Each structure stands twice: as C-alpha cells, then as structure tokens.
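Trainee: Pasting in a structure now, in structure tokens, and then I'll have a few things to ask.
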Amino acid sequence: MDRNDIEWVTVYRSASEKHCRERAFVLHAAEIVHEVRQEAAEFTIAVAPADAERSRAELEAYARENPDWPEDRPAASRQANGEIVPIVVDFERPPVELVSPVPAGFVTLRRL
C-alpha cells in the first residue's frame, strides 16, 4: 500500500510543533509509520487506522512516564517533588563531581 492510499487517523494534536515532533519521535522509535501535519493553528500526528490503537497506547505510556516533559521552563524554575527548586552556584567553594547514576532529574554530588 502506498502512503497516499492510507486514510490517516489523527492520534495527537497540539498547538506546539515541538511537542508534536517529540511525540512523533516516540512513534518512530516504536516503528509506527506516521505523518506530522499542520492543520490551521495546530499540529497533528496521523497514522494508518490499523496502527491507531497501538499509537495511542505508545503516546499514553510516554505521557505517564514523562509527566513533566517536555520541560520548556528555564532550569532554575523547574519543579521537583511539587516544590520550586532554585539552582545555586557557589563560586567560593571547591567544585563537585557526579558520583553515581541516579534517577532522571536528580544528581548526587561529592565535594572535591
């Protein structure tokens, strides 16, 4: 079947092209054929009808696993555990290094 013969089904829509393209990457990683389109003032992702259910499941899983992503705010104002966490750099103290792998969004530091 040629791509032009597919009756595409919209599985995601957003006013943000960036958000739409990030979710398109999720479908790409799952090897689901899709198209990103601009329709009026929004962007959409469309898939073949046979892939619609699996596409929605992949996108829902992505949303559950990444509730605060994509993060468009500057790093200094990002939230951690529901609280605003400022990023402070003290140039008077010795530098620190990353000492262990930790969950995304958290860093373990050790003074050098």
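The values are calculated or read from the model by the stated rules, or taken from the named source; none is laboratory data. The shown structure was predicted, so the numbers you read here are calculated from the model rather than taken from an experiment. Backbone-built Cβ (ideal geometry, glycine too); neighbour counts: all protein chains shown.
Trainee: Please identify the pairs in which a residue from the stretch 1-23 that is free of Cβ contacts under 8 Å to residues at least 40 places away in the same chain has its Cβ atom under 7 Å from the Cβ atom of a residue that is part of a helix (DSSP H, G or I) and surrounded by 12 or more Cβ atoms within 10 Å (Cβ to Cβ), counting only partners at least 6 apart or on another chain.
Mentor: Ser14/Cys20; Arg23/Leu59; Arg23/Tyr62
Trainee: Sticking with this one: Which residue pairs have Cβ atoms closer than 8 Å, lie 6 or more positions apart in sequence or on different chains, and pair a first residue in the stretch 37-50 that is more than 14 Å from Ile6 (Cβ to Cβ) with a second residue that is aromatic (Phe, Trp, Tyr)?
Mentor: Final answer for the pair search is Thr44/Tyr12.
Trainee: Could you say whether any residue in the stretch 30-47 is assigned by TED's automatic domain parsing to the domain that holds Arg13, of a type in the set (A, V, I, L, M, F, W, C) and part of a helix (DSSP H, G or I)?
Mentor: Of all residues in the stretch 30-47, those assigned by TED's automatic domain parsing to the domain that holds Arg13 come to 30-47.
Retained after the next criterion (residues that are of a type in the set (A, V, I, L, M, F, W, C)): 30, 32-33, 36, 40-41, 43, 45-47.
If we keep only those that are part of a helix (DSSP H, G or I) too, we end up with none.
The answer is no, given that none of the residues of the stretch 30-47 is assigned by TED's automatic domain parsing to the domain that holds Arg13, of a type in the set (A, V, I, L, M, F, W, C) and part of a helix (DSSP H, G or I).
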